[in-house]
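Take a look at the structure set out below.
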Amino acid sequence: MVSFTMPLASNSQDPFALARRLRRPVWVYDTDCHSIAFANQAACELWNAQDEASLCSRDLSSGMSLTVAERLKQYQRDFVERDAEFVETWTFHPCDHPITVDVIYTGFVMPNGRMAMMCEVIGEEARTSETVRTANALLHTDVKVALFGSDGTILYHNPAARSVLPSADCSSAQLFVDPGDFPRMLQDVREKGESKFVTQIYTSSGEKWFDLRTKQCLDAASGEQAYLVTAYDVSELKATTDRAHYLAARDQLTGCYNRSIVQSDWSELGAIRRGPAYCVIYIDINKFKHINDTYGHSAGDATLKTVADRLRSHTREGDIAARIGGDEFVVLLNDASSEGDLHKRLNAIQTALQKPFEIGPLILEVGVSIGVFIKGANDPTEWSEALQRADMAMYCSKRDQLNTFTIFDDTIGAAAKERVRFEIEIAQAIANREFEVFYQPRIALSTNRVVAAEALLRWRHRELGDVSPAKFIPICEEMGVIDQIGEIVFDKVREQMSEWYRQGLGISVSLNVSPKQFQHDDFISIARRMTALADFPLSLLELEITESSFVGGETEVARRIQNVRELGFQVAIDDFGTGYSNLAHISRFPVSCIKADQTFVAQLPKSAPLLRLIFTLAKQLQSTTVAEGVETYEQLAWLRDNDCDQAQGFLFSKAIPADGFVTACQRLEARMANWAPAAAPCEDLDVALG
Ligand code: C2E
Ligand code: MG
Ligand code: MG
């Protein structure tokens, strides 16, 4: 503690003897007791007191505002710590009458050793109420106001500013947590005349956020260049907005960043800035829908959280892990300058994601597809492009079912461009309804007669020629336009069947329904609409669905098939034996026909036991059996010997346009009547039908 002399003392009996002789009002205020310890005659008059004793007996704390009490305590601390002296214009209210005076405050050590405040009136001039109020407002406000010189020395602090100073002797520059802020502020003031920003400041109660506004001015006392600062404490507001930003940028389930951050460019995240060389990793969980459908949504959620945890455990400061879609994640590795380190990290991430997932009592093997784009320091690739490239590389991993990550290169880029062009062509073809439907006959093996036809979609592209549906249908599924294709096919088939029906030809037709179409929530209502439009017996129309449509829970699939059958359609399982379905469970599905996949026919006689099993199973379900892809007489003979009901394949005919179908079938039946097995090669037959 700094010790003070008692300048007004003249002898040890009365420490205030000298002060009593002064004509100006002088009194000593005991801050701890909120009372006056001494007052000279002039002070008594000013305070409107009869004598010193009555003034000293007043309790000045009653009616004192909190801010004044705080300010007085602050003064006392300032006297103790830095021998301070203040000049202030002060309005006080002795006997409810306001008096405004200029007062010098200095520290005064009482005879008992405690610090008190000596108040000496230096002026009591007449003031306008405006100036009095202005001076008072400055004293009472919570806004921190400070004036500092061009060297950073603090020239003036209002009490609110003084109360937050971490120490009495710090300079303006030392107050900023970020040392770059002070010069930045001065530069702004010099260039624009003022500076406004929110920054972190050291205060007596720790680091706080302030909204600082600084203006250049002249010091009224010295006339020299100075800076006037007003500061509002915005710590609470900052904490609230930070929290809101945090929540807006996060995925609620996994706590990772969300899609908005990835789209808006990572650099929005302030401290996290992309390095010149960085790496984007795009991760997609394989068959996530299957996990959700089979084990429930809580297992799906737990899987996502585990993926997020594993990714986060492989990020360093400045990296980001984000969930950008249902089952898609993106990781940014901020520093990709060392190739060796980067590959080590990519391998570690891949290994981590390959480990089994413990989800409650389940242990799941969850596959992921990973694509990587590495941006070199001098690579000008934009952020959005980088993200797209990692996505393309991921798509390659998924398509090729790779067990490792794919790093983007130019061949992937070219393939992706090609694909985009193809998608545009498909969209145009849909808009112009450029598709045709061909029909491939189905032959009853017991009679050698054509009993049905499979409707197969054909797309003749002006440059690419005939494009196989096996190529464009999966792309339509990914593009989300398969329903539109389905509608085109249905319209064409319905018109054709109506025409045949009007001609008295009750030809049954089977129509392929893609798994995506079948799983669509609207599928049953679309099927119902079809029934309203058909003007022929619906039992002539068969919907072919594949086993991959069964993903989604057997009960739900069985219910859908039942609904479709109740509407009047026949239902066939196409390409049977290649999918995931458990052969024993097939009895749960009320299907009218089972079409054994053409690979089994092609692999005869090796596949004979499996085909026999399929036929036995179908017979038990009272379903018709159809063998697809029959190309040779040997295959035909085997199928006849093993009780297969119907066959379809190039041996009989390729798919043909609707207008030639009836004639072609008549010719086919005529030829089949004369068939001597193993005599005519299938090529001859094709020529005959062509
Ligand atoms: P799918 O339903 O299994 O159709 C049978 C495919 O096998 C057809 O190929 C057909 O031309 C071919 N095929 C028939 N006989 C033989 C044969 O003896 N040998 C060989 N190697 N192949 C034979 P396509 O027309 O190229 O159709 C391929 C796939 O595209 C179809 O397989 C079906 O899954 C899909 N598809 C075709 N049309 C449509 C459609 O309108 N809608 C939907 N969603 N998918 C369709
Ligand atoms: Mg089919
Ligand atoms: Mg098939």
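The 3J(HN,Hα) values that the Karplus relation (6.51, -1.76, 1.60; θ = phi - 60°) gives for region 302-313 are, in residue order, 5, 5, 4, 5, 5, 4, 4, 4, 5, 5, 4, 5 Hz. Gly and Pro appear as x.
Roughly speaking, what is the stretch gain from T555 to E194, that is 0.36 nm per residue apart minus the C-alpha to C-alpha distance, in nm to one decimal? Let's see the in-between values first.
Details: separation 361, 0.36 × 361 = 129.96 nm, distance 7.11 nm.
Once the chain is fully extended between T555 and E194, it gains 122.8 nm.
Distance between the modelled labels on H290 and A427, one decimal in nanometres: 3.1 nm (7 Å Cα→Cβ projection). Taking amide H atoms as placed 1.01 Å from N in the peptide plane, the amide H of N512 lies under 5 Å from those of A455, E544, each 5 or more residues away in sequence or on another chain. Taking Cβ atoms as reference points and 14 Å as the exclusive limit, the residues near H314 contribute a net charge of +1, counting Lys and Arg as +1 and Asp and Glu as -1. Computed over the Cα atoms of the chain, the ratio of the radius of gyration to the Kirkwood radius (Rg/Rh) comes to 1.31. Evaluated with a Cβ-only charge set (Lys, Arg +1; Asp, Glu -1), region 386-456 carries a dipole of roughly 260 debye about its Cα centre, given to the nearest 20. Shown here are the Rg and Dmax of the Cα trace of region 27-81, at 12.0, 36 Å.
Between D59 and L139, how high is the FRET efficiency from 1/(1 + (r/R0)^6) when r is the Cβ-Cβ distance and R₀ = 25 Å? Nearest 0.05.
Values: r = 22 Å, r/R0 = 0.88.
It comes to 0.70.
Only the Cβ atoms of Lys and Arg (+1) and of Asp and Glu (-1) were treated as charged; on that basis the dipole of the chain about its Cα centre amounts to roughly 960 debye. The string of couplings for region 40-48 from the Karplus curve (6.51, -1.76, 1.60, θ = phi - 60°) is 7, 4, 4, 5, 4, 5, 4, 7, 6 Hz, one whole number per residue in order, with x for Gly and Pro. Per-residue extension of 0.36 nm, minus the Cα-Cα distance of K215 and Q401, leaves a gain of 60.5 nm for this segment. Distance between the modelled labels on S525 and L613, one decimal in nanometres: 4.1 nm (7 Å Cα→Cβ projection).
On full extension, the segment bounded by Q666 and E487 gains 61.5 nm, given 0.36 nm per residue less the C-alpha separation.
Can you pull out the chymotrypsin sites (Phe, Trp or Tyr not before Pro) in region 500-607 that DSSP calls coil and that have at most 10 other Cβ atoms within 10 Å?
The qualifying sites are Y580.
Couplings for region 622-637, taken from phi via the Karplus curve 6.51 cos²θ - 1.76 cosθ + 1.60 with θ = phi - 60°, read 6, 9, 6, 9, 10, 9, 9, x, 7, 10, 10, 5, 4, 4, 4, 4 Hz in order; Gly and Pro are left as x.
Residues V451, V164, V189, sorted by accessible area with the largest first, give V451, V164, V189 [1.4 Å probe; ligands and nucleic acids excluded].
Taking 8 Å as the Cα distance limit and 6 or more residues as the minimum spacing, I'd like the relative contact order of the chain as a percentage.
6
Solvent-accessible area of the chain (1.4 angstrom probe, protein heavy atoms only): carbon and sulfur portion equals 51 percent. With a cut-off of 13 Å between beta carbons, the residues surrounding E495 carry a summed charge of -2, where Lys and Arg count +1 and Asp and Glu -1. Using the Cβ-Cβ distance between S260 and D102 with R0 set to 60 Å, the FRET efficiency from 1/(1 + (r/R0)^6) comes to roughly 0.55. With all pairs of separate Cα atoms included, region 118-178 yields a Kirkwood hydrodynamic radius of 13.7 Å.
What's the longest bit of the chain with no exposed trypsin sites (Lys or Arg not before Pro), using DSSP loop states and at most 16 other Cβ atoms within 10 Å as the test? Between the exposed loop sites, the longest stretch runs 115-272. Among E358, E328, the order of accessible area from largest down is E358, E328, computed with a 1.4 Å probe on protein heavy atoms.
Given a 1.4 Å probe, how much area per residue of the chain is accessible, in Å²?
On the way: 34800 Å² over 690 residues.
On a per-residue basis, 50 Å².
Beta-bridge orientation, the chain: approximately 80 percent antiparallel, per DSSP, counting only bridges with both partners inside. Computed on the Cα atoms alone, the convex hull of region 433-540 gives a volume of 128 cubic angstrom per residue.
Label-to-label distance for L237 and S222 is 3.3 nm, based on points extended 7 Å past Cα in the beta-carbon direction.
Dipole of region 141-286 computed with +1 at Lys/Arg Cβ and -1 at Asp/Glu Cβ about the Cα centre; of C170, M185, Y246, farthest Cα towards the positive end is Y246. Normalised by the number of residues in region 372-466, the mean separation of alpha-carbon contacts (under 8 Å, six or more apart) gives a relative contact order of 18 percent.
Distance from the alpha carbon centroid of region 351-390 to that of region 287-339 works out to 8 angstrom.
The values are calculated or read from the model by the stated rules, or taken from the named source; none is laboratory data. The shown structure was predicted, so the numbers you read here are calculated from the model rather than taken from an experiment. Cβ sites come from the backbone with ideal geometry, for glycine too, and all protein chains shown count toward neighbours. Each accessible area value is taken on the protein alone, full model and side chains, heavy atoms only, with ligands, DNA and RNA left out. Shrake-Rupley method; radii C 1.70, N 1.55, O 1.52, S 1.80 Å.
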